[in-house]
Amino acid sequence: MKTNVLVTAGLVVFLSSFSSFAIPPIISSDSLLHPKDHHAQEARLMTQILTTYHFKKLGLNDSLSSVILDDYISTLDNNRSYFLRSDIDKFETYRSKLDDLTLDGEIQVAFDIYNVFRQRFNERMQYIHEVLLEKDYDYTLDESYDTDREGAVWEQDKAGLDNLWRKIIKSQLLSLKLNGKEIENSRETVAKRYKRFKKNIDQYTSEDVFELYMNTVAEVFDPHTNYFSPRTSDRFKQNMSLSLEGIGARLQTDGDFTKIVQIMPGGPAEKSGLLQENDRIVGVAQGANGDMEDVIGWRIDDVVQLIKGPKGTTVRLEILEAETGVNGVSKEIRLVRDKIKIEDLEAKAEVIDFNKEGRSYKIGVIKLPGFYMDFDAYQDGDPNYNSTTRDVKKLVLDLQKQGIDGLMMDLRNNGGGSLSEAIDLTGLFIKDGPVVQVKTSSNKIEVGADEDPDVIWDGPMAVMINRFSASASEIFAGAIQDYQRGVVVGEQTFGKGTVQSVIDLGRYLEVPEGEKVGQLKLTLQKFYRITGSSTQHLGVNPDVSLPSAFEASEFGESARPSALPWDKISSARYELVEDVSPQMIVQLNNDFRNRLVTNVELKELVAETNELKQNLAKTAISLNEEKRKQEMEEAEKRRSERVSLSDTKIDPENKLGKELMLEDQYLEEGIIILSNLISSIG
């Protein structure tokens, strides 16, 4: 108890001096945010659950306290463009204390750090409107601005921040100028941008700050352990019930930009074909005629709120396409919001016929966006309930009637879903046996097995995966690979090998009438392949790797420092199917390497992939008008050439004599690899 008193006393002393430092004229003491009374209870309960039941079995300690401090500061100012070095130095007082304070429910320090952020934010907004938007900029100077400041040093003084923001505003005005806007219109656009940005920050409540901090605490255990405020809990429930209304895209912050990281199957973004992974959103407008709100520099939650909306309404997005990068010309697209329904996630099949080296092939392709099951309909006894396994079984039987030579299961961008469906689906292609192993937080190993000896397809088979195939997708692809049942083609998968449960904290707390508490999503289990290898971090490595622009260190589980480590347990007992031998895999890779040398389309795919990698890595923007204009023109020229080349490839009369004429070149390569497997089998 003495320790608590001393810590609390230290807190009071620090805050009294801290407040005089932090809150000069722009923020009044009346507008400072403080925790609600029940937040202390909620913090104590949450940390108790985390330290007792999380899979890691970690206690909050000085080491985690240090990580919490760094991550919380990054959450508030991820681009290091608001806080001063002196602010960060003052925060150092708490580097080894946040663990004890949070365990005791003492979270005022999180609010004081936030209040300093808001003070610095308001200072920047004032400087932008009073000084930077009135300046005449010299666009002949050879200088640049780097949009990624994650590892940048904190500015020492106000003059340093002034110069940084001079470059930020100059860059934004130059972009608008090169997109055809007059200088006065450009200034007005940027002014509106930051007025709206300030309005959003001004609307932050104590509940929002508590969520920011407690989510930071949760995520030091692992990236899939999260705290949801009552409002965020409602959004999470909408996601789980597939009733969320929006465009169907997953977003994340990328420096100053909001980046598309995944196109959700069945959503407006996928159906329109207008958005791609790694496109950057720079503006959002409502309806057909609403003003475009620039969202450069905005928080991800605020951008998401602008994009979401009722079904049937229109949202317009201004984007920088991934293929041209930050130096490309912005483009406006229009999407109609819609619900992502379960039927949009259903498996779909097609047959692709083609000739290769004098032989005809008929390939069945099943696109599987997610592992779904309508639990309510199942429990109600509905014999026609939606189920991945039931639907795929029907599709495969239909494909067999059409006389297919091989089956391609396309799991690209499949983020997972029902574990039981992943097990049952695997069972359609193997006689019986284990499919996945699950380790609990108490170190108990449970085996998920297929117990049905029936096999609906025993012919040649391939599974396509990419960097955004995750969770249940990795279980299915890994099992097909481990049994040597089929060939796995594509990119290394996401590497999410953990299982979460959601805990409603309100069940354990008494709070004042009218108040609500949030939820904790907690990692409790870990997936392992039947070989004993965890899917965590490693995911599934394909037997034949196609060109990829996405590095594991940047996309997927390995991009998060707090992710649980890879490890291994004992192998389960299983009998190999051996439809695809190691020698066959060697031959398939040799065939693919030969195509890399001789096939023009494949060479172009590699070149495009490498260029996309370079564009993703490019974060520096020139502030010289002529140089920036030249970069934009070159990027647009390369894009136009690719579009022209793509149009040439779609050759309905097959005048070019190509084996396949698919717009999806990755699928085309996968089918060719499967055809080689069919040929090797005989």
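The values are calculated or read from the model by the stated rules, or taken from the named source; none is laboratory data. Model, not experiment: these values are computed from the prediction. With ideal geometry, Cβ positions are generated from the backbone for all residues, glycine too; neighbour counts draw on all protein chains shown.
Does region 157-169 contain any residue that is at pLDDT 90 or above, in a loop (DSSP other than H, G, I, E, B) and at negative phi? Let's see the steps before the verdict.
Narrowing region 157-169 to residues at pLDDT 90 or above: 157-169.
Now drop any that are not in a loop (DSSP other than H, G, I, E, B), which leaves 157.
Within this subset, residues satisfying the condition of being at negative phi are 157.
Yes - at least one qualifying residue is present in region 157-169.
Give region 506-521 a look and list any residue that's surrounded by fewer than 16 Cβ atoms within 10 Å (Cβ to Cβ) and closer than 18 Å to LEU212 by Cβ, or say none.
Hit for region 506-521 is LYS516, nothing else.
Give just the number: which of (1) small (Gly, Ala, Ser); (2) touching a helix residue (DSSP H, G or I) at 6+ places or on another chain (Cβ under 6 Å); (3) under 23 Å from ILE678 (Cβ atoms) does ALA472 not satisfy?
Unmet condition: (3).
Buried (at least 22 other Cβ atoms within 10 Å of the Cβ) and in contact with a Pro (Cβ under 6 Å, 6 or more places away or on another chain): does that describe VAL463?
Details: buried (at least 22 other Cβ atoms within 10 Å of the Cβ): yes; in contact with a Pro (Cβ under 6 Å, 6 or more places away or on another chain): no.
No, not satisfied.
Kindly indicate the residue of region 402-458 that is touching a helix residue (DSSP H, G or I) at 6+ places or on another chain (Cβ under 6 Å) and among the charged types (D, E, K, R) and also farthest from LYS496 (Cα to Cα) among those meeting that condition.
Out of the qualifying residues, it is ASP405.
Here's the yes/no breakdown for (1) among the polar types (S, T, N, Q); (2) in contact with a strand residue (DSSP E or B) (Cβ under 7 Å, 6 or more places away or on another chain); (3) not in a loop (DSSP other than H, G, I, E, B):
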| residue | (1), (2), (3) |
| --- | --- |
| ALA470 | no, no, no |
| ILE475 | no, yes, yes |
| GLY478 | no, no, yes |
| ARG485 | no, yes, no |
| SER501 | yes, yes, yes |
| ARG507 | no, no, yes |
| GLY514 | no, no, no |
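Give the residues of region 578-613 that are on the phi < 0 side of the Ramachandran plot, among the charged types (D, E, K, R) and more than 30 Å from the chain's Cα centre (by Cα), sorted by residue number.
To start, the set of residues in region 578-613 that are on the phi < 0 side of the Ramachandran plot comprises 579-613.
With among the charged types (D, E, K, R) added as a condition, the list becomes 579, 591, 593, 595, 601, 603-604, 608, 611, 613.
Hits for region 578-613 are ASP579, ASP591, ARG593, ARG595.
For ARG235, all conditions in the list (1) modelled with pLDDT under 85; (2) farther than 27 Å from GLN48 by Cα; (3) of a type in the set (Lys, Arg) hold save one; what is the number of the exception?
The failed condition is (2).
Taking region 525-551 as the search range and keeping residues that are of a type in the set (A, V, I, L, M, F, W, C) and touching a Gly at 6+ places or on another chain (Cβ under 7 Å), which one is surrounded by the fewest Cβ atoms within 10 Å (Cβ to Cβ)?
Restricting attention to region 525-551, the residues satisfying the condition of being of a type in the set (A, V, I, L, M, F, W, C) are 527, 530, 538, 540, 544, 546, 549-550.
Checking the rest, the ones that are also touching a Gly at 6+ places or on another chain (Cβ under 7 Å) come to 527, 538, 540, 546.
Values: PHE527: 23, LEU538: 19, VAL540: 29, LEU546: 21.
Checked region 525-551; the qualifying residue surrounded by the fewest Cβ atoms within 10 Å (Cβ to Cβ) is LEU538.
Residue by residue, here is whether (1) buried (at least 19 other Cβ atoms within 10 Å of the Cβ); (2) touching a residue at least 12 places away in the same chain (Cβ under 8 Å); (3) hydroxyl-bearing (Ser, Thr, Tyr) holds:
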| site | (1), (2), (3) |
| --- | --- |
| ASP279 | yes, yes, no |
| ALA288 | no, yes, no |
| ASP301 | no, no, no |
| THR313 | no, yes, yes |
| ILE319 | yes, yes, no |
| LEU335 | yes, yes, no |
| LYS348 | no, yes, no |
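Among the candidates PHE91, PHE83, single out the residue that is in a helix (DSSP H, G or I) and not basic (Lys, Arg). Can you show your working first?
On the way: PHE83 fails: in a helix (DSSP H, G or I).
So the residue among PHE91, PHE83 that is in a helix (DSSP H, G or I) and not basic (Lys, Arg) is PHE91.
Checking ASN185 against (1) closer than 28 Å to LEU32 by Cα; (2) not in a loop (DSSP other than H, G, I, E, B): exactly one of these is not met. Which one?
ASN185 satisfies every listed condition except (1).
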